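The values are calculated or read from the model by the stated rules, or taken from the named source; none is laboratory data. In this text the structure is predicted, and so the values were computed from the model without any measurement. Cβ: placed from backbone, ideal geometry, glycine included. Neighbour counts: every protein chain shown. Ligands, DNA and RNA are stripped out before the accessible areas are found, and what is left, the full protein with its side chains, is counted by its heavy atoms. Shrake-Rupley method; radii C 1.70, N 1.55, O 1.52, S 1.80 Å.
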Amino acid sequence: MFGPSANQKLLVVGSVAFDDIDGPFGWHRDQLGGSASFIARSAAYFTGQASVVAVVGEAFPQAHLDSLAAAGVDVSGIEKKAGDTFHWVGRYSSDLASRETLDTRLGVFADFAPKLHPQHIDAQLVFLGNIHPALQLEVVRQVKQPRFVAADSMNFWISGQREQLVALLGKVHALLINDEEARQLAGEHNLRKAASAILGMGPSSVIIKRGDAGALLFHRDGTFAMPALVLDDVKDPTGAGDSFAGGFMGYLAYTGKDDLATMRRAMVVGSVMASFAVQQFSVAGLVGLNAEAVRSRVHQFSELMRFDGVEL
Ligand code: AMP
């Protein structure tokens, strides 16, 4: 979409799900969701070589898979198994700033064992969506020589599978989590200290997502702060973090680089993709974008963040 690209291979492992969401706009049921759905859709704008490894139930509509494939994503690693597709039920507060999980029906996701095909194991980039850290570790072991591996996690694994999660952190380049999770993982209230503690566990970067307050990149060589766009039509924050991750990883695949300057730009691209995602339910905000729309949002960010000559 953007002209010459390194077009590196990105492997995404995560959930493909149905979501029932309640909030200020009422119930929206059976929405296509799951971390991998958002990550892959978002990343596919920047690399023509994104693959998903996930599991869905036998009745999962083929149309959803066809639509993802039409966006350029390799869906051959999405396994259909007897049983129900993972189903998440959540409710947002009236200001959309927080959410609670009302129900998690794992279905076939309960015994998800990611099976990588030959075309997955030579991926240069790997994104491990929020699944059991032992499975995330298993995926890292199967990929031959990844250039950059990033992982998401959540409070459930931080408290319940800490040892495995810490083992995983020794094998990844970046961890993407929200501020509450960073504090919980590090046992430290101050975010900067929490980030330093997490860097000490192995990764060279920690990206801390802060919802409509933006995101922070803590890298061994420096720190970068990214605001969120101030939008007047936010409908559904579900998948914002995953869309961010997709844009971030997609940009690393697009450039073929992962130095700090590139990662700062990747933070911008991730934030642009998250801004599209939250304006509609499910993955609708990520469908049918073009280069011009993405460039225009990058420009809005640079205007939002620009200031000159503070002369004192
Ligand atoms: P995000 O808003 O970026 O945190 O991602 C929300 C997506 O994560 C939803 O579409 C859910 O289907 C999915 N999700 C919620 N809980 C879990 C879980 N325990 N494991 C895997 N995916 C989940």
query: Restricting attention to region 65-74, and to residues there that are touching a Ser or Thr at 6+ places or on another chain (Cβ under 8 Å) and not acidic (Asp, Glu), which single residue is farthest from the ligand (Cβ to nearest atom)?
result: Val73
- prompt: Among the residues of region 81-94, how many are touching a residue at least 40 places away in the same chain (Cβ under 8 Å) and either within 14 Å of Asp111 (Cα to Cα) or within 16 Å of the ligand (Cβ to nearest atom) (or both)?
  reply: 9
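Take the residues in region 279-306 that are part of a helix (DSSP H, G or I) and hydroxyl-bearing (Ser, Thr, Tyr); name whichever of them is nearest to Tyr45 (Cα to Cα).
My answer is Ser296.
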task: Could you tell me whether Phe109 is surrounded by 22 or more Cβ atoms within 10 Å (Cβ to Cβ), touching a residue at least 40 places away in the same chain (Cβ under 8 Å), within 16 Å of the ligand (Cβ to nearest atom) and among the hydrophobic types (A, V, I, L, M, F, W, C)?
output: yes
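Let's see how each residue does on (1) more than 13 Å from the ligand (Cβ to nearest atom); (2) assigned to a loop (DSSP other than H, G, I, E, B); (3) of a type in the set (Val, Ile, Thr):
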| position | (1), (2), (3) |
| --- | --- |
| Ile21 | no, no, yes |
| Gln31 | no, no, no |
| Ala36 | no, no, no |
| Glu79 | yes, no, no |
- prompt: Which one is farthest from Ala82 (Cα to Cα), of the residues in region 100-111 that are of a type outside the set (Ser, Thr, Tyr) and not in a helix (DSSP H, G or I)?
  reply: Glu100
message: Every residue in region 112-155 that is open to solvent by 50 Å² or more (accessible area, probe 1.4 Å), more than 13 Å from the ligand (Cβ to nearest atom) and in a helix (DSSP H, G or I), please.
response: Glu138, Arg141, Gln142
message: Let me confirm something: among Ala54, Ala36, Ala50, Ala40, which residue is of a type in the set (Gly, Ala, Ser), crowded, with 23+ Cβ neighbours inside 10 Å and out of contact with any helix residue (DSSP H, G or I) (no Cβ under 7 Å at 6 or more places or on another chain)?
response: Ala36
task: Could you tell me whether Val56 is among the β-branched types (Val, Ile, Thr), within 13 Å of the ligand (Cβ to nearest atom), part of a strand (DSSP E or B) and more than 17 Å from the chain's Cα centre (by Cα)?
output: yes
task: Find the residue count for region 17-66, including only residues that are among the polar types (S, T, N, Q) and free of Cβ contacts under 8 Å to residues at least 24 places away in the same chain.
output: 1
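This table checks each residue for (1) open to solvent by 40 Å² or more (accessible area, probe 1.4 Å); (2) in contact with an Asp or Glu (Cβ under 6 Å, 6 or more places away or on another chain); (3) modelled with pLDDT of 95 or more.
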position: Ser196; (1), (2), (3): yes, no, yes
position: Leu217; (1), (2), (3): no, no, yes
position: Phe224; (1), (2), (3): no, no, yes
position: Asp233; (1), (2), (3): yes, no, no
position: Gly250; (1), (2), (3): no, no, yes
position: Thr262; (1), (2), (3): no, no, yes
position: Ala277; (1), (2), (3): no, no, yes
position: Gln280; (1), (2), (3): yes, no, yes
position: Phe301; (1), (2), (3): no, no, yes
- line: Counted residues in region 244-272 being closer than 13 Å to Ala215 by Cα and within 15 Å of the ligand (Cβ to nearest atom) come to 5
message: Looking at region 222-250, I want the residues that are on the phi > 0 side of the Ramachandran plot and have a partner that is in a helix (DSSP H, G or I) and open to solvent by less than 20 Å² (accessible area, probe 1.4 Å) with Cβ atoms under 7 Å, at least 6 apart or on another chain. Which pairs are those?
response: Gly239/Phe38; Gly239/Ala277
task: Go through (1) within 15 Å of the chain's Cα centre (by Cα); (2) over 19 Å from Leu128 (Cα atoms) and name the single condition Phe46 misses.
output: (2)
